[in-house]
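Here's the structure, in structure tokens; my notes come after.
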Amino acid sequence: MKRIIKKTVFISIAFVAGLFLYSCYFTGVGGRGSIALRFSEVSPKSARAASSTTYARVYLIANGEIYPIGDGTDYVETSLSGTSATEVEIPDVPVGPQYQVTISIGDKPTVDADFLEVTEYGASDPFSITPGGTTDVSLTPTASPFSLYLGGTELKGVIYNTADSTLYVVSGTRLYMGASVSGMDTGTLLPTGYSANSISLGTFFGGAAPKDEPWIDTNMGILPYRNGAFQEDFFSGTISSGTKPSILQSGGVWVNSNVDLTVFYQRDGGLGGTYIASDNASTPSNWNWLDIDLSDVLTGRPILDFFVTANYAYFATKLGAFRLDTKMIQDYSVNTSNVPDLMSYADFFKVTDSNGNEIPIISLGYDNGTKIVMGTEAGAYMAELDEASADTPLKAGTISLLEGTGDYEITRVSVSPDGAYIALFSEKDLFVYRQSTGTIVKLPFYSGLPGEITGAAWMPDNKTLVITGEDGMVSVDVTGLGL
């Protein structure tokens, strides 16, 4: 249960001019100085859990960017003990920028714990400072909408599998599962030698029909978890590159009337997959894996994101965004001596601004129906897929910007199962968009998000969003966000 302080936090900001040159980090001039922040008294310790310590993390935002003020961190952290006022000093701050103070208030299990279970958060109005002046601002914290689980555990990703009504979460060495966010088990260790990069919703032969299952993307290929056991032989076939790749993301597409399966994956420096005929499903050692190396033409990670539909795989890459027909993988499985040319199978699509300039697509989402969501360097765009077309992935005239996102780089997209809500992640913040009303709400990084985001998934109720990160897992009921 969250322990809410329910008091306005008054922050007295006093600027003392210093005899320093102003920082080149900002364009403002006028010297440097210190900001003194004074918190008013907060609720007494007895109102909070005796087993934890409540802290405030103070961030300073300057011209819309985090101004690092901690010793090795972006924030200053202070204990809120008893009813006494608390002061925090931020030294060596330049005159000029438009400032904003934000706080996260919450509990830590121990003094040395790195993560904070945020119960409240808030931000001041923007303000400016002048040498020799004092500015008084106030902010009223509001309750965090997030609930934290597996706090302090660095998690790599999350999926919900409707086939077995189970939520799966993976850390580097352990798979957690449960019927609900609050009902996760203590985890099962991955087999020796395996290290997880992420987890994907895969699929395999399930008797009369395809059956979804978790695929753990590891340093030694794809590791499915099927019928209560890890399938270590899944990546035992022949690989065109000769080296078993470290997988970052994977997925499967059913072809030939859901009789055969095409697997796609992305790795650091390339992509690949295999074609599995139904009569060859039980012999993984016979599968031929195509591995395409793109590192010669692109530096860094060339594949940024991808998802699969019933017919295609859609990729966001440094070469541009395109879809691939499953035929590329199938052709290779028939003739392994003929490594296909990726570009000859790729159907490209793009997003442009009002001046006709192309905006790089860096993330992708799919509503399990007809719509694609494209995260770009300048907002999120939605469009209608045209899978009936042999060479045009998007229907003409259907691309539109999601209002309120144009000023942000959208690095991750997740759509609720019914398509009603879209979760959009920037480098630091979360946006939730409601399709029926066209409204959007922003939840800033200090509101309780679990550090650097590694994954997002929706529960089958179409309203509970689950997010994993470097500090654990949180959930939020998006219907309570005022959309």
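The values are calculated or read from the model by the stated rules, or taken from the named source; none is laboratory data. Everything numeric in this text was worked out from a predicted model, so none of it was measured. Every residue, glycine as well, gets a Cβ built from its backbone with ideal geometry; the counts of neighbours run over all protein chains shown. We work out accessible area using only protein heavy atoms, side chains counted, and drop any ligands, DNA or RNA first. Shrake-Rupley method; radii C 1.70, N 1.55, O 1.52, S 1.80 Å.
Side notes on the structure shown:
- Residues located in the stretch 399-456, provided they are of a type in the set (S, T, N, Q) and closer than 26 Å to residue 105 by Cα: 426, 447, 454
- Restricting 468, 464, 454 to residues that are modelled with pLDDT of 95 or more, open to solvent by 10 Å² or more (accessible area, probe 1.4 Å) and out of contact with any helix residue (DSSP H, G or I) (no Cβ under 9 Å at 6 or more places or on another chain) narrows the list to 454.
- Positions within the stretch 139-188 being in contact with a helix residue (DSSP H, G or I) (Cβ under 9 Å, 6 or more places away or on another chain), among the aromatic types (Phe, Trp, Tyr) and in a strand (DSSP E or B), in sequence order: 149
- A single member of 285, 344, 354 is assigned to a loop (DSSP other than H, G, I, E, B) and either touching a helix residue (DSSP H, G or I) at 6+ places or on another chain (Cβ under 6 Å) or exposed (fewer than 15 other Cβ atoms within 10 Å of the Cβ) (or both), and it is 354.
- Some residue of the stretch 357-368 being part of a strand (DSSP E or B), of a type in the set (S, T, N, Q) and either out of contact with any Leu (no Cβ under 9 Å at 6 or more places or on another chain) or surrounded by fewer than 21 Cβ atoms within 10 Å (Cβ to Cβ) (or both): no
- When the stretch 370-395 is limited to residues that are polar (S, T, N, Q) and in a loop (DSSP other than H, G, I, E, B), the one that is least open to solvent (accessible area, probe 1.4 Å) turns out to be 389.
- Test: residue in the stretch 248-258 that is under 18 Å from residue 336 (Cα atoms) and either modelled with pLDDT of 95 or more or not in a strand (DSSP E or B) (or both): no
- Unique residue being of a type outside the set (Gly, Ala, Ser), out of contact with any Ser or Thr (no Cβ under 8 Å at 6 or more places or on another chain) and either within 22 Å of residue 212 (Cα to Cα) or free of Cβ contacts under 8 Å to residues at least 60 places away in the same chain (or both) when the list is 291, 268, 305, 296: 296
- Conditions (1) in a loop (DSSP other than H, G, I, E, B); (2) of a type outside the set (Ser, Thr, Tyr); (3) at pLDDT 95 or above; (4) within 25 Å of residue 369 (Cβ to Cβ); number of the one not met by residue 441: (1)
- Here residue 398 clears all of (1) farther than 22 Å from residue 271 by Cα; (2) surrounded by 13 or more Cβ atoms within 10 Å (Cβ to Cβ); (3) at pLDDT below 95 except the condition numbered (3).
- Identity of the residue in the stretch 51-86, in contact with a Pro (Cβ under 9 Å, 6 or more places away or on another chain), of a type in the set (S, T, N, Q) and in a loop (DSSP other than H, G, I, E, B), that ends up modelled with the highest pLDDT: 63
- Residues in the stretch 228-238 that are within 30 Å of the chain's Cα centre (by Cα) and open to solvent by 10 Å² or more (accessible area, probe 1.4 Å): 228, 229, 230, 231, 232, 233.
- Taking the criterion of being under 20 Å from residue 470 (Cα atoms), surrounded by fewer than 20 Cβ atoms within 10 Å (Cβ to Cβ) and among the polar types (S, T, N, Q), the residues of the stretch 95-152 that qualify are 110, 147.
- Contacts under 7 angstrom Cβ, first residue in the stretch 431-444 being closer than 15 Å to residue 367 by Cβ, partner surrounded by fewer than 18 Cβ atoms within 10 Å (Cβ to Cβ) and polar (S, T, N, Q), 6 or more apart: none
- Every test in (1) outside any loop (DSSP other than H, G, I, E, B); (2) over 27 Å from residue 368 (Cβ atoms); (3) among the polar types (S, T, N, Q) is passed by residue 236 save one, and that test is (1).
- Selection of the stretch 315-341 for residues being hydrophobic (A, V, I, L, M, F, W, C), surrounded by fewer than 16 Cβ atoms within 10 Å (Cβ to Cβ) and either touching a helix residue (DSSP H, G or I) at 6+ places or on another chain (Cβ under 7 Å) or within 22 Å of residue 249 (Cα to Cα) (or both) yields only 339.
- Any hit, the stretch 248-271, residues being in contact with a helix residue (DSSP H, G or I) (Cβ under 6 Å, 6 or more places away or on another chain), of a type in the set (Phe, Trp, Tyr) and crowded, with 20+ Cβ neighbours inside 10 Å: no
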